[in-house]
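Worksheet: one structure, shown below.
The values are calculated or read from the model by the stated rules, or taken from the named source; none is laboratory data. Fair warning: this is a prediction, and the values are worked out from it, not measured in the lab. Every residue, glycine as well, gets a Cβ built from its backbone with ideal geometry; the counts of neighbours run over all protein chains shown.
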Amino acid sequence: MVTKDFSAVILAAGYSQRMGQSKLSLSFGQDRSFLDCCIGAFIDFGCAEVVVVTNKAGITWIHGRTWPDTMHPVLNPFPRKGRFVSLQLGLKALDKNQPVFLHNVDNPFVTVEILEKLAFYAGHADYIRPGYAGKHGHPVLISAKIASDIITTKHAGENVREYLAQYTQMLVPVNDPNVLVNINTPDEYKKFIKNP
């Protein structure tokens, strides 16, 4: 596998109150968890490093399993402070200053094909995201400049979407409605995961 000049940060620090259990460990079938699926796609694409930001329970679960050497878990001790804090912690943990995929663990459908399409347009805008039927999806590919700005900003309470609005965006149409999926409740899990 060829390593590419991209990194990934997977956000998984929330308490998953609506789901009633941690989303990173949810079954995707065939002995794979949501986190397995997400990490697998980024590793298969060729990301040089993958950081997973999670809470104390998530760290415990991760440490009980085997992962690729390029995956590094990061603890967010204050998940209630929001996703921006998780994002800052994840970006600070990366070794390389390069474009970064941002992804939420509640979408296990990320594919190498989607990542390759976003990577193809790296540099065309400050951040790139997939679109389906005119709607914005995930993951988001941010430039090294945005990653650096997020690390150094003092406004840790920022809304991630509102923060990114100050930068140029490119929406890349894809033929995959799963880029729009967020699985937050048991009903959504049953809807999207047919045979866990």
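Within segment 153-170, work out how many residues are surrounded by fewer than 16 Cβ atoms within 10 Å (Cβ to Cβ) and either in contact with a Pro (Cβ under 9 Å, 6 or more places away or on another chain) or more than 13 Å from F84 (Cβ to Cβ) (or both).
Qualifying residue count for the region: 5.
Out of segment 168-196, which residues are over 17 Å from S22 (Cβ atoms), of a type in the set (S, T, Y) and within 19 Å of the chain's Cα centre (by Cα)?
Once the filter is applied, which keeps residues that are over 17 Å from S22 (Cβ atoms), of a type in the set (S, T, Y) and within 19 Å of the chain's Cα centre (by Cα), segment 168-196 yields nothing.
Of all the residues that make up segment 120-151, how many are outside any helix (DSSP H, G or I), within 21 Å of A41 (Cα to Cα) and of a type outside the set (S, T, Y)?
Residues meeting the conditions: 12.
From the list T60, T66, T70, exactly one residue is of a type in the set (S, T, N, Q), touching a strand residue (DSSP E or B) at 6+ places or on another chain (Cβ under 6 Å) and at pLDDT below 95. Which is it?
Residue meeting the stated conditions: T70.
One line per residue, one yes/no per condition, for (1) at pLDDT below 90; (2) over 22 Å from L164 (Cβ atoms); (3) of a type in the set (S, T, N, Q):
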| site | (1), (2), (3) |
| --- | --- |
| A12 | no, no, no |
| Q17 | yes, yes, yes |
| S25 | yes, yes, yes |
| F45 | no, no, no |
| V50 | no, no, no |
| G82 | yes, no, no |
| G90 | no, no, no |
| N104 | no, no, yes |
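Looking only at segment 124-135, filter to residues that are of a type in the set (G, A, S), touching a residue at least 24 places away in the same chain (Cβ under 8 Å) and more than 21 Å from C37 (Cα to Cα); which one of those is surrounded by the most Cβ atoms within 10 Å (Cβ to Cβ)?
Once the filter is applied, the top-ranked residue is A125.
If I ask for residues that are at pLDDT 90 or above, farther than 25 Å from L35 by Cα and acidic (D, E), which ones from segment 158-184 would you list?
E162
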